[in-house]
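Here the structure comes first, spelled out in structure tokens, and everything after it is commentary.
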Amino acid sequence: MPNLDLPRYSLAGRTALITGATRGIGLAIARAFTRAGARVLINSRKPEAVERTVAELRANGQSAEGLPGNVSRAEDLESVADAALTRYGGPDILVNNAGANPVFGPFTAVSSEAFDKIIAVNLKAPFELARRLAPAMIERKRGAIINMSSIGGLAPEAGLGIYSVSKAAIISLTKVMAIELGPHGIRANAICPGYIDTDFSAAITRNEAMMRHVLERTPLSRVGEPNDVAQTALFLASDDSAFCTGGVFVVDGGYRA
């Protein structure tokens, strides 16, 4: 594991909005960004979780503000976007990390309601946030958008069919953003995590038979940790990735190699 006490990429003077930032990968990204000097706007649907995360970061002398709201709901998303623009001048960095997968099983077991939820959180929310926040980035002639996809977006994983569909779509949307926003100095990239040890992936990572199969296919012979993804996000948010846009960055220990 990297030494987290050593600074790598600087985000000094930057503001970042991170959705789903109170646990798992999102929390690891928030911690990495604040250590790199960014002011981080913490979004999650549970206000108490947002307050707890902001308090943790501030206790470490880091800069954080809370923007609670369920980004899959139009009124909440609009409120979050408006607050990010009016209170903080619009983020320099947008990380669309919030994700949902209410069903693990065949696509025939996915109800219309579950399908709509998956698409609303994993695809529509990133589209709507970027659509609302990109104009402020265009005005500044700089910005970085990071969309969280998945190795399921590269090839469907068993039991994760519609989730995989949403993650394939976010890769395509990321490329659209890169093409259309690139001339304005804004970069857009997607990260595809593999099997990461979080509550979100517990149905797989805490299943002994499934994990045996995963580890047999993973050259690095371990499950990923949230900080493995956070370090990639930190690189993509920083000026060190100034010539990277439209990219799909796989963080899976070689699972898809």
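FYI, it's all coordinate maths here, none of it is from the lab. From a predicted model like this one, the values you see are computed outputs, not experimental measurements. Cβ coordinates were reconstructed from backbone atoms using ideal geometry, including for glycine residues, and neighbour counts include every protein chain displayed.
Things worth noting here:
- In plain terms, the residue of K141, K167, K175 with the fewest other Cβ atoms within 10 Å comes first and the most crowded comes last, giving K141, K175, K167.
- The chain: angle of helix 47-59 to the longest principal axis, Cα-based, in degrees nearest 10: 60
- Residue exposure sequence - C244, C192 - by fewest surrounding Cβ within 10 Å: C244, C192
- MRE, 222 nm, helices only [DSSP H, n ≥ 4, -39500 (n - 2.57), over the chain, to nearest 500]: -13000 deg cm²/dmol
- Each residue of the stretch 124-131 was assigned a 3J(HN,Hα) from its phi angle through the Karplus curve 6.51 cos²θ - 1.76 cosθ + 1.60 (θ = phi - 60°); the sequence is 5, 4, x, 4, 5, 5, 5, 4 Hz, with glycine and proline shown as x.
- For I42, residues with placed amide H under 5 Å, excluding near neighbours: E65, G66, L67
- Under 24 Å from the Cα of K124 - lysines, other chains or at least 8 residues apart: K46, K167, K175
- Within the shell defined by Cβ-Cβ distances under 13 Å, the residues around T174 carry a net charge of +2, with Lys and Arg each +1 and Asp and Glu each -1.
- Cα gyration tensor shape for the stretch 15-251, rounded if a/c is under 1.5, else prolate or oblate: rounded
- Residue-normalised convex hull volume from the C-alpha trace of the stretch 102-163: 76 Å³ per residue.
- Residue order, fewest to most beta carbons within 10 Å, for E139, E208: E208, E139
- When the chain is treated as a Gaussian network with alpha carbon springs shorter than 10 Å, the biggest mean-square fluctuation among I119, I179, I196 belongs to I179.
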